[in-house]
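Chemist: Encoded as structure tokens, here's the structure I'll be asking about.
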Amino acid sequence: MSEVVYITEAASYQVKDMMKQNEEEGAYLRVAVKGGGCSGLSYGMGFEHEVSKEDVQLEQHGIKIIVDKSSAAILNGTKIDYKQSMMGGGFTIDNPNAIASCGCGSSFKTATNAGTPEDC
């Protein structure tokens, strides 16, 4: 069985650094999909200390990751990376299930889930 999400080593270093800065060591990294954005679905990431029975649990590079089951179906095989450039850095999300995304790259839709598109 393939992983729901893959987190690269670069992204894991950034997540660990953010956990330390926000005093969230030991927290889970929640990766989720919610309705909204120009294309209908958008990504969310944040720290949580509670796991629901509806969550899929993973661990990669020392990061404990949780994804709710409805998001897991949409995210299956998604790669989360962190890129640094002269203009700063940011997380990149490469979702093989996305068939269309907006120009900013933070909103998308899949063949089976159009989400709830909003005006940009």
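Nothing in this text is a laboratory measurement; each read-out follows from the coordinates by a stated rule. All values reported here derive from a predicted model rather than from experimental measurement. With ideal geometry, Cβ positions are generated from the backbone for all residues, glycine too; neighbour counts draw on all protein chains shown.
Chemist: Using Stokes-Einstein with the Kirkwood hydrodynamic radius over Cα pairs, what translational diffusion coefficient do you get for the stretch 5-110 at 37 °C and a viscosity of 0.692 mPa s, in µm²/s rounded to a whole number? Each step should come with its number before you reach the end.
Modeler: On the way: Rh = 14.3 Å.
The calculation lands on 230 µm²/s.
Chemist: Starting from the Cα of K34, draw a straight line to each of the lysines and keep only those under 25 Å, dropping any in the same chain fewer than 8 residues away.
Modeler: K16, K53, K64, K69, K79, K83, K109
Chemist: Counting other Cβ atoms within 10 Å, which GluC sites (Glu not before Pro) in the stretch 1-95 have at most 12 and lie in a DSSP loop?
Modeler: Taking the stretch 1-95 and a limit of 12 other Cβ atoms within 10 Å, the loop GluC sites (Glu not before Pro) found are E23, E25, E50, E54.
Chemist: Trypsin sites (Lys or Arg not before Pro) within the stretch 1-65: which are DSSP loop residues with at most 13 other Cβ atoms inside 10 Å?
Modeler: Numbers: sites: K16, K20, R30, K34, K53, K64; in loops: K53.
Those satisfying the criteria are K53.
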